[in-house]
């Protein structure tokens, strides 16, 4: 449903929301290392998000990316739209060109309620609200350093 670019951007936003503020700016190199993402691609995504006022940035020594209070009031939907456009959630789960309530694909009735719930949460919850949920629930934005062999 989301492109890799949007997935990277959302994870980077969460990372910045957790670790940055106006006096603690973080470079793309550090974010890419921590989240195990291609640095050049992430830097391009962050510049895009900055141009859409979803991320703040400062150039030069001591510069980097961060989220200010205004950025933190944005939604994940804002991130996705800036990267993929609004049409991403209108796409058919099975990849059919025309899929809707009138001409549904075989998975439409199963997938549509979930897509609507995700879309609602992405639009209605701020980045700050989602970060509070991350902290409360102990969810991760990176698998780096985790022992994935635990059972």
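Stretch residue 73-residue 120 to full length: gain in nm at 0.36 nm per residue minus the Cα-Cα span? Don't skip to the end; give the middle numbers.
Values: separation 47, 0.36 × 47 = 16.92 nm, distance 1.56 nm.
Length gained between residue 73 and residue 120: 15.4 nm.
Per DSSP H run of at least 4 residues, take -39500 (n - 2.57); add these up for the chain, divide by its residues and hand me the 222 nm value, nearest 500 deg cm²/dmol.
Mean residue ellipticity at 222 nm (helix-derived): -15500 deg cm²/dmol.
Distance in nm between label sites at residue 86 and residue 98, each 7 Å beyond Cα in the beta-carbon direction?
2.2 nm
Of the listed peptides 31-42, 116-127, 9-20, what is their order by residue-averaged count of other C-beta atoms within 10 Å, with the highest listed first?
Descending mean neighbour count gives 9-20, 31-42, 116-127.
Separation between the residue 25 and residue 3 pseudo-spin-labels, each 7 Å from Cα along Cα→Cβ, expressed in nm?
Output for this residue pair reads 2.7 nm.
Rounded if a/c is under 1.5, else prolate if a/b beats b/c, else oblate: with a ≥ b ≥ c from the C-alpha gyration tensor eigenvalues square-rooted, which is region 1-78?
Taking the square roots of the gyration eigenvalues as a ≥ b ≥ c, region 1-78 is oblate.
Relative to the first principal axis of the alpha-carbon coordinates of the chain, what is the inclination of helix 39-51, with its axis defined by its Cα atoms, in degrees from 0 to 90 and to the nearest 10?
Its long axis makes an angle of about 80 degrees.
Subtract the Cα-Cα distance of residue 48 and residue 134 from 0.36 nm times their separation in residues, and report this length gain in nm to one decimal.
On the way: separation 86, 0.36 × 86 = 30.96 nm, distance 2.44 nm.
Extra length available between residue 48 and residue 134 comes to 28.5 nm.
For the Cα atoms of the chain, what angle does the longest principal axis make with the long axis of helix 108-124, in degrees from 0 to 90, nearest 10?
In the chain, helix 108-124 runs at an angle near 30 degrees to the longest axis.
No value in this document is a laboratory result; all are computed from the given coordinates. Fair warning: this is a prediction, and the values are worked out from it, not measured in the lab. Here Cβ is always computed from backbone atoms with ideal geometry, including for glycine, and neighbour counts include all displayed protein chains.
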